[in-house]
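I have placed the structure first, in the form of structure tokens, so that the comments after it can refer back to it.
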Amino acid sequence: MFKALRRTLVTGPLMGLVRGTLPQIGDTERIALEAGTTWFEAELFRGNPDFTKLLAFPVKPLTAEEQAFLAGPVEELCAMVDDWEIEKTQDLPKKVWDFIKQKKFLGMIIPKEYGGLGFSAAAHAAVVTKIASRSVATAVTVMVPNSLGPGELLMRYGTQAQKDRYLKKLAVGEEIPCFGLTEPEAGSDAASGQSFGVVGYKTVNGKKELGVFLTFNKRYITLAPIATVVGLAFRLNDPDNVLGKGREPGITLALLPRSTKGLEIGRRHDPMGVGFMNGPLSGKDVFVPLETLIGGAAYAGQGWRMLMEALAAGRGISLPSLSVGAAQLSLRAAANYSVVRRQFGLNIGRFEGIRERLARLAGHTYAMTATQRLTAGAVDAGEHPAVVSAIAKAYLTENMRLALNDAMDIQAGAAIIRGPRNIFARPYSSIPIGITVEGANILTRSLIVFGQGAIRCHPYLQAEVEALTKRDKHGFDEAFMGHLGYLVTNIVRAKFHAWTCGWFVSTPKGTPFTAEYKHLGRLSAAFSVIAEAGLITLGGSLKRKEYLSGRYADALAHLFIASSVLKFAHDNGNPPHHLAAARWALRHSLREVEQALLGVIANLPNRLVAGWLRLAVLPCAKLKPHTDAMHDAVVDELLSPNGRLKDDLSRLIFIPAATHDGLGKLEAAYQATVATAPLLAKLPKGVSVADGLAQGLLTKAEAAQLAAAQALRTDVVQVDAK
């Protein structure tokens, strides 16, 4: 009786008021918002994360077979790749292509029953990371067939006949795939593509056959110039409703053999000089039979859902792994160079300007490695974490840019002269590629992370929207009352944690990061209330307030990144040599959360609500910038000859032989410099090696060892010339 009265007097009238403030959500947008699953990011969004649950989450380790693949074929592939030569020839050598196919690099995610390797997401990530540290072009070539298309789409949605026809050949490189989604007029707004197909009949070999007439124009399609099988996304029209799904079934996916008459592959694109294959696809009135539709006629019109569900996981593996490879390479090379390179009589790692960059590089690399690991762990656990994947893609590729910039600044002149000796030039050229593809970062930050997060992570918002769409008074009443109770609880929690400085946030026992856990819990609670304030006061217009949604995205992203750091440190046993870098990373992310929330409050149009939020849930900025002592603690551990931090934060990369230009020779020079440091200490300031030998301060063997180390140092600081 009471509920019925409430629906009549309160929530019923409220439905009309609220409906007017919400934007219209089309089918493609709704599908994108509903794609994938929610995970720990939902707890952070709701303001009450269970850290014990996070720490207990089992990240699946690599199997013996996966470890053997990394130690064997991946090492072999990296050793045979010469990235400088690839840049000059703009293609992988035939022996590299043959090896990639033979060892099934293109079939890492294809199940063993179809001849693939059947690897986990963690293994997939580790392979891409290691290859990326050696050659971005090779890494992109390997990762694309193992990401969106079309192998994953076939495994999820393909008919049995399609799986039998393609998967075994894709696994061993007999078929080279590409997938055409992006168009000249539909980049970030991929759902608005102009490519279309019309269901109709055509006489083929004297028989009338039902199929689709395709007209399409795609660009930026990786592997297109050499593809033997082409995936396409297009809008399907069925004027006579032959398929029984209406006249406009919607976005549909197809898989075309390269030999399809009318399929045109245009002139090759040149993505920043990075030598992977990329180009356009086009066709006009290209007839394909119905069996070319991925999943057959049954999946006609389901293409957008298929794409969004596949991207929900894949986006979190490929480009984040490439970014981690670049960051770990940058860290190891920059740390080594800081010891090898001497200026003013000191190794440059002693100068505070260099140390500040090294600390930042180590902190970002720690956070990136942690985030990649946790994201892959979620996928291996059966999740399809759409929001987490978007966070990993956007924020790890952005941090790749910072990492490479810092490493290049440290190496200075040697980093800007192109040639086989240069470690960073080719990864640096690739930065915009990772930031642009699979959802440009500007779009991902300003529209996807918080836009999708608000719908998927909020416990009641999606139910309210659905009830409003269906004009379901009962459903809206239940969701609204639950939302009201949730809001009150969150306000009380956020105010309590704010005014007690997070003192009562529950933290794991025995952790060295008690203060960081408390700040994270406090800021998560504050975020939940500030997010509610934006949703309530702005309604549907928040969707268009990209300044605000971008700040909300920064806050949610760094809440997750900080959680990843804590999880990574915990799973490694919180070792003493990790503490300084982890604390640096945590301070950075927590400050990013706090500053993002302050930015939201400063720019909310409703100033009365903004003032209340500032006083109630974020009364004062508690987190100070990194101190000089924090920088020094990280760098002392990083550059310590006996330290393990550098090895732990570069364990996923390929280290070439000592005779190889670039990192190989730098590694040899570093080892020689460390080994001869005690001998150099025997010499008073200003005394040369020759004088030290003459004065009896050094033996002949010691003098020779020092001379050899100096020769390595001299060689490694040289640059190439034409």
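In terms of packing, defined here as the mean over residues of other Cβ atoms within 10 angstrom, the peptides 270-283, 413-426, 545-558 line up highest first as 545-558, 270-283, 413-426. Shape analysis of region 432-543 places it in the oblate category; the axes a ≥ b ≥ c from the Cα gyration tensor give an a/c of at least 1.5, with a/b not above b/c. Once the Cα-Cα distance is subtracted from the 0.36 nm per residue extended length, the residue 707 to residue 350 segment shows a gain of 126.3 nm. Summing Cβ point charges (Lys, Arg +1; Asp, Glu -1) relative to the Cα centre of the chain gives a dipole of roughly 800 debye. Here r is the Cβ-Cβ distance between residue 632 and residue 685 and R0 is 25 Å; the resulting FRET efficiency, rounded to 0.05, is 0.55. Here the 3J(HN,Hα) profile of region 191-206, calculated from phi with Karplus coefficients 6.51, -1.76 and 1.60 at θ = phi - 60°, is 5, 9, x, 9, 5, 9, x, 10, 5, x, 10, 8, 7, 10, 6, x Hz, Gly and Pro shown as x. For residue 209, the residues whose amide H sits under 5 Å from its own are 202, 203, 204, ignoring neighbours fewer than 5 places away on the same chain, with H placed 1.01 Å from N.
Semi-axis lengths, largest first, of the ellipsoid equivalent to region 490-539 are 25, 10, 7 Å, with √(5λ) applied to each eigenvalue of the Cα gyration tensor.
For the peptides 154-162, 401-409, 357-365, residues were scored by their other Cβ atoms within 10 Å and the scores averaged per peptide; the highest-first order is 357-365, 401-409, 154-162. Annotation: for a label point projected 7 angstrom from Cα along Cα→Cβ of residue 503, residues of region 593-621 with backbone N closer than 20 Å are 615-621. Temperature 25 °C, viscosity 0.890 mPa s: under these conditions the Stokes-Einstein estimate for region 384-465, based on its Kirkwood radius over C-alpha pairs, is 167 µm² per second.
Summing +1 for each Lys or Arg and -1 for each Asp or Glu, what net charge is found among the other residues whose Cβ lies under 14 Å from the Cβ of residue 360? The partial results should precede the final answer.
On the way: positive: 355, 357, 401, 583, 587, 591; negative: 352, 356, 398, 406, 409, 592, 628, 632.
It works out to a net charge of -2.
DSSP assigns beta bridges within the chain; of those with both partners inside it, close to 80 percent run antiparallel.
Order of 345-356, 454-465 by packing, highest average Cβ count within 10 Å first?
Result, highest mean Cβ count within 10 Å first: 454-465, 345-356.
Annotation for residue 651 and residue 484: the two label points, set 7 Å from Cα along the Cα-Cβ direction, are 5.3 nm apart. Taking amide H as placed 1.01 Å from N in the peptide plane, residue 237 has its amide H under 5 Å from the amide H of 197, 198, 199, each at least 5 places away in sequence or on another chain.
Considering helices alone, the calculated mean residue ellipticity of the chain at 222 nm is -17000 deg cm²/dmol, with DSSP H runs of length four and up weighted by -39500 (n - 2.57) and normalised per residue. For region 207-356, the tally of Lys pairs with Cα-Cα distances below 18 Å comes to 5, considering only residues 8 or more apart or on different chains. For the chain, the solvent-accessible area of protein heavy atoms averages 41 Å² per residue (probe radius 1.4 Å; ligands and nucleic acids excluded).
Centre-to-centre, using Cα atoms only, region 531-610 and region 90-149 are separated by 34 Å. Hey, if you put +1 on the Cβ of every Lys and Arg and -1 on every Asp and Glu Cβ in region 90-136, which of 128, 116, 99 ends up farthest toward the positive end of that dipole? Highest projection toward the positive end goes to 99. Partners of residue 622 within straight-line reach, counting lysines whose Cα lies under 22 Å from its Cα and excluding those fewer than 8 residues away in the same chain: 495, 518.
Around residue 622, with a cut-off of 13 angstrom between Cβ atoms, what is the net charge of the other residues, counting Lys and Arg +1 and Asp and Glu -1?
Result for the neighbourhood of residue 622: +3.
Taking label points 7 Å from Cα along the Cα-to-Cβ direction, residue 34 and residue 290 give a separation of 2.5 nm. Evaluated at q = 0.10, 0.13, 0.22 Å⁻¹, a Debye calculation over the C-alpha positions of region 472-607 (equal weights, vacuum) places log10 I(q)/I(0) at -0.40, -0.64, -1.29. The string of couplings for region 448-461 from the Karplus curve (6.51, -1.76, 1.60, θ = phi - 60°) is 8, 4, 7, x, 6, x, 5, 6, 7, 8, 5, x, 10, 4 Hz, one whole number per residue in order, with x for Gly and Pro. Each principal axis of region 587-654 carries a Cα extent, and these read 56, 28, 14 Å when sorted largest first. What does the charge count around residue 165 come to, taking other residues whose C-beta lies under 10 Å from its C-beta (Lys +1, Arg +1, Asp -1, Glu -1)? Around residue 165, the charge tally is 0. Around the amide H of residue 231, modelled in the peptide plane, lie the amide H atoms of 178, 179, 180, 256, all under 5 Å away and 5 or more residues distant in sequence or on another chain.
Using a probe radius of 1.4 angstrom, the carbon and sulfur fraction of the accessible surface of the chain is 55%. Note that region 684-694 has calculated 3J(HN,Hα) couplings of x, 4, x, 8, 7, 4, 4, 5, x, 5, 5 Hz, one per residue in order, obtained from phi through the Karplus relation 6.51 cos²θ - 1.76 cosθ + 1.60 (θ = phi - 60°); glycine and proline are x. If you look at the Cα atoms of the chain, you get an Rg and a Dmax of 28.1, 104 Å.
The values are calculated or read from the model by the stated rules, or taken from the named source; none is laboratory data. Note that the structure is predicted; figures quoted are calculated from it, not measured. Note that each Cβ is placed from the backbone with ideal geometry, even for glycine, and that neighbours are counted across all protein chains shown. Only protein heavy atoms, including side chains, enter the accessible area calculation; ligands, DNA and RNA are left aside. Shrake-Rupley method; radii C 1.70, N 1.55, O 1.52, S 1.80 Å.
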